Structure formats: structure tokens, C-alpha cells
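Data block below; observations after.
The values are calculated or read from the model by the stated rules, or taken from the named source; none is laboratory data. Please read all numbers here as calculations on a predicted model, not as lab measurements. Every residue, glycine among them, receives a Cβ derived from its backbone with ideal geometry; neighbour counts consider all protein chains shown. What goes into the accessible areas is simple: the full protein's heavy atoms, side chains included, and nothing from ligands, DNA or RNA. Shrake-Rupley method; radii C 1.70, N 1.55, O 1.52, S 1.80 Å.
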Amino acid sequence: MKYQTVLFDLDGTLTDPGVGITNSVAYALEKSGADVPDRTSLYRFIGPPLLESFQRFCGFSEEEARQAIRYYREYFQEKGIWENRVYDGMEEFLEGLRDSGRMLLVATSKPEPFARQIMEHYHLAEYFAYVGGSGLDETRTDKAEVIAYVLEAAGVTDKSHALMVGDREHDIIGAKKNGLDSAGVLYGYGSREELEAAGADYIADSLESLKEIISH
């Protein structure tokens, strides 16, 4: 098989965290004294590292962004983490990949403890050999760093048979920096234009088309 190892982003790829993340961002902005825009404009926070997003989208200084993250986590740890849902058909899709003998990994910019909680809660952890993410102290948030960390933790040395799957440009760029092929999914929060501009090797508009890409 061409792709023996498949790495997955979490938010917008395995689960739809739209409600929980936007509620957490809105809470953080309100506590920071900033204007809270409509929910759809907060979807851009899904995927990229929070420190980068608060600075880029809200004009916060690094110190202000770090405080906003602390506010974000006040809500997220209590409520936001569970305002989430697994995409339809995902469990069957993952089960099929695992049963075909492939190694499945998670590489997310979400803090690793939260990612593992989510994977366990939604009964997805059983399909994965390793779940890796960023540090709670905002270290290892860059997607390329996360991917490199997960590959090393899982003992993957043959990158020619590994594929990174994600819904945002960060997933595609991170894959390229690590010498991996990448597949962008359109059912998440990134557009075809964003994924193509980042240089995705494949674009999938559904789990069925993603399965064909992985299995070809």
C-alpha cells in the first residue's frame, strides 16, 4: 500500500468543534474587553494555534494573547471541550483503515491533554497508535513541529509512505516541511482555494473520496 501511515488533524478533520471553539473564543474576547463578532467570523480560529490567531485576528500583543488563551481555557475546559461532534461515518472510516493494517496517528495544534480527552470521550482513541498535540505552555504549537514530534513518537522513519490529512493550510504546510504528502478535506473549515494555495497533493470533498486517495 502506498500510504502505510496516515496522520490526521483533529479539529475540522476528525470532529466538528465549531460550537465549542467559537463559544470559547467569544468568552475570551468578552473577558478581554474586546468586541465579540458574529460566530461565523470566529470559525477562522479553528485549526491555527490560538496564540497566533488572537494576535493576527484581534490585534492583541503576545502578552494580551496569552491572557486571552487563559480566559479561553476557563470556558473550554468546563464546557467547550464537549461542544463537539464526530463527523458522520468517521468511526466506520477509521475502523476500515485500521483493520487494513495502516498505522493511524493524530497530529493537532490543540494541547495534547485536551486532544486525548476528546479522543477518549468520543471513542476514537482505539483506532490510533498515537495522539500528539501541543504543550499546555504554548510550546510545539507550529504544525510542522507537531507532525515531527508525532512521527518520532510513533517510530515512523519511512516518510514516503506517510500521508497528512487536514482541513487547513497549516496541515498542508506542516506536511511539506516534514517531507510528507498531504490531503486537504473540504468538509472541515478550510476552502479549496486555501488548501490548493498551500500546495495540497490531494483534495477530498468527502470521506469516500479520502478513502480512495489513501487506498489508491
(message) Would you confirm, using the coordinates I've provided, whether Ala200 is among the aliphatic types (A, V, I, L, M), open to solvent by less than 60 Å² (accessible area, probe 1.4 Å) and within 30 Å of Lys79 (Cα to Cα)?
(response) no
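Looking only at residues in region 172-187 that are small (Gly, Ala, Ser) and over 13 Å from Leu210 (Cα atoms), which one is surrounded by the most Cβ atoms within 10 Å (Cβ to Cβ)?
So in region 172-187, the residues small (Gly, Ala, Ser) come out as 174-175, 179, 182-184.
Next, from what is left, pick out any that are over 13 Å from Leu210 (Cα atoms): 174-175, 179.
Details: Gly174: 26, Ala175: 29, Gly179: 11.
Among them, the one singled out is Ala175.
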(request) Identify all residues within region 121-171 that are surrounded by 22 or more Cβ atoms within 10 Å (Cβ to Cβ), closer than 10 Å to Leu7 by Cβ and not acidic (Asp, Glu); write none if there are none. (result) Gly132, Val146, Ile147, Val150, Leu151, Ala162, Leu163, Met164, Val165, Gly166
